[in-house]
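Peer 1: Quick one: the structure is below, and I'll ask about it shortly.
The values are calculated or read from the model by the stated rules, or taken from the named source; none is laboratory data. These numbers come from a predicted model, not from an experiment. When we count neighbours, we look across all protein chains shown, and the Cβ atoms used for this are built from the backbone with ideal geometry, even at glycine. Just so you know, the surface numbers come from the protein's heavy atoms only, side chains and all, with ligands and any DNA or RNA stripped out. Shrake-Rupley method; radii C 1.70, N 1.55, O 1.52, S 1.80 Å.
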Amino acid sequence: MPESLKHFIEKYTHLPDHDWALIHQVFRQQSFKKNELILEQGNICRFFYFFDKGLVRFGSNVDGNDVTKMFCVAPYCFTSKVSFRNQTPATESIQALENCVVWKITLDEYKKLEQINSWNIFMRKLLNEIQEFMENRLLESKVYSAEKNYENLLTRYPVELIHKIPLKHLASFLGVAPQSLSRIRSNMHNSRKS
């Protein structure tokens, strides 16, 4: 189990050694190759994950179109929340956009961790952070142009990371055609030159 999970939890709450010992023992490692599906839409999400390196994409197939809902950048935790909690078929897929090493726990293991106060504080703060991000993202997608949303993306994440995301997924996330995103990138590049 990587110390990076311990440091990640400690960003949200104090983590006593005895709590870390309990958390540490339940996580198991798994590797995913670039573009491999971690979860396929329609399958039940059996795990809650932490990863300290890499990039994953959440997407859904809507009427035959692959729609990108969001990206998750390491270090972070992720799962298909509704599918995982209710053990029902997922309405989304989760895909590794880079080679990823994840640490995972089952729902039963997750429920055991809920008996640990520091874990509960960590999860409450993490879920609040995710909800705030999703609410802001929803508002931005309704209020701002694709250009402005792309600029916001560039201010939140390193350019090198953005360039690792395939154009079709980035365009889908922004709600534009790949050709439109290429035009936006070109216009931004040209305006920075002048």
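Peer 1: Read through the list (1) at pLDDT 90 or above; (2) open to solvent by 80 Å² or more (accessible area, probe 1.4 Å), then give the number of the only condition that Asn187 fails.
Peer 2: In the conditions (1) at pLDDT 90 or above; (2) open to solvent by 80 Å² or more (accessible area, probe 1.4 Å), Asn187 misses (1) alone.
Peer 1: Being open to solvent by 30 Å² or more (accessible area, probe 1.4 Å) and of a type in the set (D, E, K, R) is the filter here, so list the residues in the stretch 1-33 that pass it.
Peer 2: Within the stretch 1-33, Glu3, Lys6, Glu10, Lys11, Asp17, Arg28, Lys33 meet the criteria.
Peer 1: Can you give me the number of residues within the stretch 155-182 that are buried (at least 17 other Cβ atoms within 10 Å of the Cβ) and either more than 17 Å from Gly54 (Cα to Cα) or out of contact with any strand residue (DSSP E or B) (no Cβ under 8 Å at 6 or more places or on another chain) (or both)?
Peer 2: 6
Peer 1: Among the numbered criteria (1) open to solvent by 90 Å² or more (accessible area, probe 1.4 Å); (2) at pLDDT below 90; (3) over 21 Å from Ala74 (Cα atoms), which single criterion is violated by Ala146?
Peer 2: Among (1) open to solvent by 90 Å² or more (accessible area, probe 1.4 Å); (2) at pLDDT below 90; (3) over 21 Å from Ala74 (Cα atoms), the lone unmet condition for Ala146 is (1).
Peer 1: Within the stretch 19-40, can one find any residue that is under 16 Å from Met123 (Cβ atoms), of a type in the set (A, V, I, L, M, F, W, C) and under 16 Å from the mean Cα position of the chain (by Cα)?
Peer 2: no
Peer 1: Right, Gly59: in contact (Cβ under 8 Å) with a residue 24 or more places away in the chain and either part of a loop (DSSP other than H, G, I, E, B) or touching a Gly at 6+ places or on another chain (Cβ under 6 Å) (or both) or not?
Peer 2: no
Table: residues versus (1) touching an Asp or Glu at 6+ places or on another chain (Cβ under 7 Å); (2) over 23 Å from Gln115 (Cα atoms).
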position	(1), (2)
His14	no, no
Phe27	no, no
Asn35	no, yes
Ile38	no, yes
Val62	no, yes
Ser80	yes, no
Gln87	no, no
Ala90	no, yes
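Peer 1: Can you tell me how many residues in the stretch 74-97 are surrounded by 18 or more Cβ atoms within 10 Å (Cβ to Cβ) and not aromatic (Phe, Trp, Tyr)?
Peer 2: 12
Peer 1: Residues that are closer than 14 Å to Val73 by Cβ, touching a strand residue (DSSP E or B) at 6+ places or on another chain (Cβ under 9 Å) and touching a residue at least 24 places away in the same chain (Cβ under 8 Å): does the stretch 103-121 have at least one?
Peer 2: Checked the stretch 103-121: no residue is closer than 14 Å to Val73 by Cβ, touching a strand residue (DSSP E or B) at 6+ places or on another chain (Cβ under 9 Å) and touching a residue at least 24 places away in the same chain (Cβ under 8 Å).
Peer 1: Here is a follow-up. Please work out which residue is farthest from Asp52 (Cα to Cα), limiting yourself to the stretch 102-122 and to residues that are among the hydrophobic types (A, V, I, L, M, F, W, C) and either surrounded by 19 or more Cβ atoms within 10 Å (Cβ to Cβ) or at pLDDT below 95 (or both).
Peer 2: Among them, the one singled out is Leu113.
Okay, residues lined up against (1) out of contact with any Phe, Trp or Tyr (no Cβ under 7 Å at 6 or more places or on another chain); (2) in contact (Cβ under 8 Å) with a residue 40 or more places away in the chain; (3) in a helix (DSSP H, G or I); (4) farther than 16 Å from Leu97 by Cβ:
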| position | (1), (2), (3), (4) |
| --- | --- |
| Thr155 | yes, no, yes, yes |
| Glu160 | yes, no, yes, no |
| Lys164 | yes, yes, no, no |
| Ala171 | yes, no, yes, no |
| Gln179 | yes, no, yes, yes |
| Ile184 | no, no, yes, yes |
| Ser191 | yes, no, yes, yes |
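Peer 1: When residues of the stretch 37-52 are filtered for being more than 13 Å from Asn86 (Cα to Cα) and open to solvent by less than 60 Å² (accessible area, probe 1.4 Å), how many remain?
Peer 2: So the answer is 6.
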